[in-house]
Amino acid sequence: MFDLRACSHVFFQLSVPVFSFFTKNIGVEIDGLAKYIETYIIFLMNMKALKFVGSSLDDVRNFPEEVRRVAGFELRAIQNGLEPRDWRAMQSIGPGVKEIRIHVLGEWRVIYVAKLSDAVYVLHAFHKKGQKTNKSDIELARRRLKQIGGSL
């Protein structure tokens with residue numbers, strides 16, 4: 001599984017030396033910037049990790065650019081405890097499982113579970129071609145939920 005939360009630690013490690021250089025060597029008054037960086041770091045540290053199960057990261061990467069952008073925005077909202085703009089519960093997969101519905105360049109879906117305390121898990125991502133979600137997509141998401149220890 002791929003964990004995007006590691007990126008926040010890299011940002012923190014890179015920003016502290018740069019910030020220290022500006023405050024010590026240039027003597028610029030940047031109290032406002034300091035508050036902004038501090039708030040941003042706290043924001044990142046309170047965000048749930050995002051983990052992709054199976055090939056779901058590759059599946060999202062294969063979405064068209066506009067669809068990827070919307071999916072990323074929605075997943076970031078979920079990491080911060082918010083609901084996506086358009087979603088529905090997927091009780092047929094398991095409790096707490098939801099799908100993000102993206103209506104850009106066709107119909108796209110990202111199935112995830114955020115009820116587990118440690119992370120938001122992306123179980124499956126796909127281009128929806130019909131009115132009803134294919135049974136194979138539902139079964140794949142179920143198997144991946146079991147793989148992470150989710151219950152049915």
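Annotations for the structure displayed:
- Taken over region 125-150, residues that are within 13 Å of SER56 (Cα to Cα) and either modelled with pLDDT under 90 or assigned to a strand (DSSP E or B) (or both) amount to 3.
- Only one of the numbered conditions (1) at pLDDT 90 or above; (2) within 11 Å of the chain's Cα centre (by Cα) is not met by GLY54, and that is (2).
- Matching residues in region 66-85 - criterion: being among the aliphatic types (A, V, I, L, M) and touching a residue at least 40 places away in the same chain (Cβ under 8 Å): VAL67, ALA71, LEU75, ILE78
Here's the yes/no breakdown for (1) under 12 Å from the mean Cα position of the chain (by Cα); (2) modelled with pLDDT of 90 or more:
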residue: THR39; (1), (2): no, no
residue: LEU44; (1), (2): no, no
residue: ALA49; (1), (2): yes, no
residue: GLU65; (1), (2): no, yes
residue: GLY72; (1), (2): yes, yes
residue: LEU123; (1), (2): yes, yes
residue: LEU152; (1), (2): no, no
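Residue-by-condition table, conditions (1) in the same structural domain as LEU123 (by TED's automatic domain parsing); (2) out of contact with any helix residue (DSSP H, G or I) (no Cβ under 7 Å at 6 or more places or on another chain); (3) surrounded by 15 or more Cβ atoms within 10 Å (Cβ to Cβ); (4) under 21 Å from SER117 (Cβ atoms):
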position: PRO64; (1), (2), (3), (4): yes, yes, no, no
position: GLU74; (1), (2), (3), (4): yes, yes, yes, yes
position: LEU82; (1), (2), (3), (4): yes, yes, no, yes
position: PRO95; (1), (2), (3), (4): yes, yes, no, yes
position: ARG101; (1), (2), (3), (4): yes, yes, yes, no
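- Taking residues in region 112-137 that are in contact (Cβ under 8 Å) with a residue 60 or more places away in the chain and more than 16 Å from GLY94 (Cβ to Cβ), and partners anywhere that are of a type in the set (Gly, Ala, Ser) and crowded, with 19+ Cβ neighbours inside 10 Å, the pairs with Cβ atoms closer than 6 Å and at least 6 places apart or on different chains are ALA125/SER56.
- Residue match in region 131-139 (condition: closer than 17 Å to LEU75 by Cβ and surrounded by fewer than 12 Cβ atoms within 10 Å (Cβ to Cβ)): no
The values are calculated or read from the model by the stated rules, or taken from the named source; none is laboratory data. Quick caveat, the model's predicted, so the values are computed rather than measured. Note that each Cβ is placed from the backbone with ideal geometry, even for glycine, and that neighbours are counted across all protein chains shown.
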